[in-house]
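In what follows, a structure is listed as structure tokens, so that the remarks can point back to it.
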Amino acid sequence: MRVFSKISGQARARLVDLGAVCAAAALVSGCGANYRPVITPVATTGPAAQPQSYAIVVSAPAVTSPGIVTVIDYSGDTVLAEAPIGPGPSTFTIDEFGANGYTVNSDGTLSNFPVSPSLQAKNVTYTTLTTTFQPVNFFSPSAGLYLTDLSNNSVDVFTGFPQSYKLSIPVAPTPVIMSGAAQVAERDYVISQGNSKGGNVASAVTCNQSPGTASLGEVDSIEVATNTVSAQIPAGKCPVYAIESPDTRRVFVLNRGDDTITVINGQTNASNACTPFTGQTGATVTCHPVLPLSTSAVKATGVTPPNGTAGMISIAGPVFAEYNAVSNQLVVANYDGSSVSVVDVSLDEYGNDSATFGTTFTIPVGNNPASVTALADGSRAYTANQTDGTVSIVNLTSHTFDLDLVDTTVLVEGNIVDVRVTTQNASQGNAFVNSRVPGYGQPCYLPPALETQTYGANYNLADCQTLPLP
């Protein structure tokens, strides 16, 4: 059967006839001094090109099998590329530019790969680590790569691409994470769960099982220019995470063991403590070396938020936070207290703590929020609730929440180790340049009740870091 055969034949014929007419017209118009208008095409301007924004997922099918890095276009939720990396990747981050990614693998190698929609196995390079190396977490600012190392209680410095080992900087016992500005700054900070006076945690999961029994931690300031320690600043019990304000004037250390935030003044390179004084505007300035997140912490520290303790929970267990530059708020995920704390950490024009600094609102969310992220405009935050498998939406203005339904799922191979995005606001680079591994006070891969049910109350670090079956 021929479909539209006659109509098509007619169309072809008409096109031939029309072509002859056009040719004749061209011949006529080309003779003599007839006026021939000049046509200037008008360039049209379409919408601005959208920046390239990718989500990078590292997954592990098995401990001894090659890991998989998946590049996703999160504006369209499509997988652009997949490539194998080293076996059993355990730690993952990408740099400040969102250009390069790194993993530590179970075979003692460090994977280096460019973040690209055309990523292939041939683009992945490897750095061999020493056999004694005991890495915990990455810190990958705009220049250099750092790894906290338990083998000799140090921070190991790497340079180049692929990264190569340069030197080690001794710090306090059990260094678990390094924090600082995403772009290279004057100094960065290493968070240790032990201290230089001899205190230390009993095991890698002490801060998961009984964080309140741990000794005080320590923050060591690292001068970037000289790779030396310039200050040793006391922290609370079981410090597990830290974040610096974008202007580098304050550093906030989350202490899971005593429900507090240690505040460091980046301008003085010391605890954010002072005797109240009259500021440049004539108002009294009060400094805040510690911020309580629970009523028990209020009682222990003697510090009460400016807005009181209404709605504050009895136990918090902070494990992660984001700093929102629009609202000058710290948004904290309280894993043990199933809540989010929204803390005012604004400064005055002279860099002093503002009159509202420390104002704290506590919002109940789902069970065991392991992470939180805030929109760049400061309107909402989202928590990932581990036990419930839900996402809570927190209104950062009214300090209320609803449950959100995730409407898009992108399948990747194996268990997800971690995920990062190349930009948080589609105009600037990646602000989150340190990794988070389970253990050392960070949530295990299984929720608390299931972890204990599966491995017993005395589970160890290997149990904590065992990925569930896909």
- Message: Which residue is modelled with the lowest pLDDT, if the candidates are limited to the range 277-293 and must be over 16 Å from L347 (Cβ atoms) and part of a loop (DSSP other than H, G, I, E, B)?
- Response: G282
- Please find, within the range 330-377, the residue that is farthest from P443 (Cα to Cα) out of those that are of a type in the set (D, E) and more than 22 Å from the chain's Cα centre (by Cα). E349
- Item | Residues of the range 435-463 satisfying the condition of being of a type outside the set (A, V, I, L, M, F, W, C), within 19 Å of S106 (Cα to Cα) and buried (at least 16 other Cβ atoms within 10 Å of the Cβ) | S435, R436, P438, G439, Y440, Y445, D463
- How many residues are among the charged types (D, E, K, R) and buried (at least 20 other Cβ atoms within 10 Å of the Cβ) when one looks only at the range 69-101? 2
- Item | Residue that is nearest to V340 (Cα to Cα) [pool: residues in the range 294-308 that are under 29 Å from the mean Cα position of the chain (by Cα) and assigned to a loop (DSSP other than H, G, I, E, B)] | S294
- Item | Answer residue from the range 146-157, given it is of a type outside the set (S, T, Y) and modelled with pLDDT of 95 or more and is surrounded by the most Cβ atoms within 10 Å (Cβ to Cβ) among those | L147
- Which listed residue is modelled with pLDDT of 95 or more and assigned to a loop (DSSP other than H, G, I, E, B), from Y445, Y459: Y459
- Message: Conditions first: (1) modelled with pLDDT of 95 or more; (2) within 30 Å of E451 (Cα to Cα); (3) not acidic (D, E). V343 passes all but one, so which condition is the exception?
- Response: (2)
- Query: In the range 254-285, how many residues are without any contact (Cβ under 8 Å) to a residue 12 or more places away in the chain and over 30 Å from S314 (Cβ atoms)?
  - Reply: 6
- Message: Please determine whether any residue of the range 406-429 is at pLDDT 90 or above and not in a strand (DSSP E or B).
- Response: no
- If L403 passes every condition in (1) at pLDDT 95 or above; (2) not in a loop (DSSP other than H, G, I, E, B) but one, which one does it miss? (1)
- Message: Regarding the range 118-126, can at least one residue be identified that is surrounded by 17 or more Cβ atoms within 10 Å (Cβ to Cβ) and either closer than 21 Å to N434 by Cβ or modelled with pLDDT under 95 (or both)?
- Response: no
- Message: Consider the range 286-310. How many of its residues are farther than 17 Å from V332 by Cα, β-branched (V, I, T) and without any contact (Cβ under 8 Å) to a residue 60 or more places away in the chain?
- Response: 3
- Might you check whether a residue that is hydrophobic (A, V, I, L, M, F, W, C), crowded, with 20+ Cβ neighbours inside 10 Å, more than 26 Å from C287 (Cβ to Cβ) and touching a residue at least 24 places away in the same chain (Cβ under 8 Å) occurs anywhere in the range 355-368? yes
- Message: Being part of a strand (DSSP E or B) and small (G, A, S) is the filter here; which residues of the range 118-173 pass it?
- Response: S154, S164, S168
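Can you find a residue that is surrounded by fewer than 17 Cβ atoms within 10 Å (Cβ to Cβ), closer than 21 Å to D259 by Cα, at pLDDT 95 or above and in contact with a Gly (Cβ under 9 Å, 6 or more places away or on another chain) anywhere in the range 314-335?
First, pick out the residues of the range 314-335 that are surrounded by fewer than 17 Cβ atoms within 10 Å (Cβ to Cβ): 314-315, 325-326.
Cutting the leftovers down to closer than 21 Å to D259 by Cα gives us 314-315.
Pick out the ones that are also at pLDDT 95 or above and you get 314-315.
Imposing the further condition that a residue be in contact with a Gly (Cβ under 9 Å, 6 or more places away or on another chain) reduces the set to 314-315.
Yes: the range 314-335 contains one or more residues that are surrounded by fewer than 17 Cβ atoms within 10 Å (Cβ to Cβ), closer than 21 Å to D259 by Cα, at pLDDT 95 or above and in contact with a Gly (Cβ under 9 Å, 6 or more places away or on another chain).
Listed here are the residues, each with its yes/no results for (1) of a type in the set (D, E); (2) part of a strand (DSSP E or B); (3) touching a Pro at 6+ places or on another chain (Cβ under 8 Å); (4) in contact (Cβ under 8 Å) with a residue 60 or more places away in the chain.
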{"site": "V176", "(1), (2), (3), (4)": "no, yes, yes, yes"}
{"site": "V190", "(1), (2), (3), (4)": "no, yes, yes, no"}
{"site": "A202", "(1), (2), (3), (4)": "no, no, no, no"}
{"site": "E218", "(1), (2), (3), (4)": "yes, yes, yes, no"}
{"site": "S230", "(1), (2), (3), (4)": "no, yes, no, no"}
{"site": "I233", "(1), (2), (3), (4)": "no, yes, no, no"}
{"site": "Y241", "(1), (2), (3), (4)": "no, yes, yes, yes"}
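Please go through the range 102-117 and give me each residue that is crowded, with 19+ Cβ neighbours inside 10 Å and part of a strand (DSSP E or B), ordered by number. So that I can check it myself, show each step before the final result.
Step one: filter the range 102-117 for residues crowded, with 19+ Cβ neighbours inside 10 Å, giving 102-105, 110-113, 115.
Correct list: Y102, T103, V104, L110, S111, N112, F113.
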- Message: Looking at G198, G194, can you tell me which residue is at pLDDT below 95, surrounded by fewer than 24 Cβ atoms within 10 Å (Cβ to Cβ) and more than 19 Å from the chain's Cα centre (by Cα)?
- Response: G198
- Return the total of residues in the range 158-178 being surrounded by fewer than 23 Cβ atoms within 10 Å (Cβ to Cβ) and under 15 Å from D220 (Cα atoms). 4
- Query: What pairs can you find where one residue is in the range 327-342 and farther than 17 Å from N208 by Cα and without any contact (Cβ under 8 Å) to a residue 40 or more places away in the chain, the other is β-branched (V, I, T) and in a strand (DSSP E or B), and their Cβ atoms are less than 7 Å apart, with a gap of 6+ or different chains?
  - Reply: S339/T362; S339/I363
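The values are calculated or read from the model by the stated rules, or taken from the named source; none is laboratory data. Everything numeric here is computed off the predicted structure, so don't read it as measured data. Here the Cβ is made from the backbone with ideal geometry for all residues, glycine too, and neighbour counts use every protein chain on show.
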